[in-house]
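Accompanying notes for the structure given below.
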2 protein chains.
Amino acid sequence: MKSAAIRRATPLDSDAIWGIFHPIVARGDTYAFDPRISRAEALAYWLHPANWCYVAEHQGNVVGTYVLRSNQSGPGSHVANAAFMVSLGAQHLGVGRKMGEHSLSEARRLGFLAMQFNFVVSTNEPAVRLWQQLGFEIAGTLPGAFRHPEKGLVDAYVMFRSLALA
Amino acid sequence: MKSAAIRRATPLDSDAIWGIFHPIVARGDTYAFDPRISRAEALAYWLHPANWCYVAEHQGNVVGTYVLRSNQSGPGSHVANAAFMVSLGAQHLGVGRKMGEHSLSEARRLGFLAMQFNFVVSTNEPAVRLWQQLGFEIAGTLPGAFRHPEKGLVDAYVMFRSLALA
């Protein structure tokens, strides 16, 4: 991934973001989005004005995207939340890890004190393992909270890490 | 609370709901809402079309309100989420318990399989105790995730219970 670059998204990235988002969500096995979500709804969510949105480019193509935001409002706004998607055609290039590291750096820069993922599907083992490698712990298990298209009701994890420097 | 009645809210309840919501949120010690949230923002959130919204009446006055909704979309939509507020002038009447029991019954009736609270502030001990008495368990602890106005950063809990009948 030496050639990968991460930058803030612009509205001009909308086609590329939808091109990544839609196939992943349509599979329905990793994210709690309606698999039939429309392009307009998806982009309104992902490019919401309260989000910081980024894209990862590899060899000139947008192959990943992530969003960063406060997980809660007011007295909970010092904890960040982030969501990540890597193009199904660009798995195993390290794009997710690169975006994860970038998000931690950005979250610190923006003054967040911690980062939380609300809903990591337990059967999405590459994601669970990546977040653990990046310092996240499973803070809680939500029993049967995700309806997997093949496996039925499976657990989801709440994952959390402090952004305090060691 | 024999005289209390719980019914679906209507737009005519807006003044009463804001009258309960605003003082609680302005104190900033139990909910992750911006204490300066406007009436319009608060009502748009509480009476969102995707929510089921209820009010509790005691001696003819609205003294409590709660909302019920899916906690996640799509493959996570079988888990309910709810949020509760009791008028500061009507604490200790059992309104919260009555609404909690009502919400569990309503959630079952609507077909939800479980209920999750994403952010119960740990120092809000009456709430934590009530939810435990109503069968919720602390599924996870979010370290320092709530900035309490007097106590500084305190933990918040994710609480969860199945709605399967025993």
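The values are calculated or read from the model by the stated rules, or taken from the named source; none is laboratory data. As the structure is a computational prediction, the values presented were derived from the model and not from experiment. Quick reminder, even Gly has a Cβ in these numbers, built from the backbone with ideal geometry, and neighbours come from all protein chains shown. The protein model used for the area step is the full one, side chains on, heavy atoms only, and it has no ligands, DNA or RNA in it. Shrake-Rupley method; radii C 1.70, N 1.55, O 1.52, S 1.80 Å.
Below is a table of values for the structure above.
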quantity	calculated
Options B:Ser38, B:Ser77: the member that is within 11 Å of chain A (Cβ to nearest Cβ) and small (Gly, Ala, Ser)	B:Ser77
Output for the stretch A:117-134, where each listed residue is within 11 Å of chain B (Cβ to nearest Cβ) and in contact with a Ser or Thr (Cβ under 6 Å, 6 or more places away or on another chain)	A:Val121
Pairs where the first residue, in the stretch A:135-147, is at the interface with another protein chain (Cβ under 7 Å from one of its Cβ atoms) and the second is open to solvent by less than 20 Å² (accessible area, probe 1.4 Å) and assigned to a loop (DSSP other than H, G, I, E, B), C-beta under 7 Å, 6+ apart	A:Phe146/A:Ala32; A:Arg147/B:His78
Scan of the stretch B:96-116 for residues that are in contact with a Lys or Arg (Cβ under 9 Å, 6 or more places away or on another chain) and more than 13 Å from chain A (Cβ to nearest Cβ), ordered by number	B:Leu104
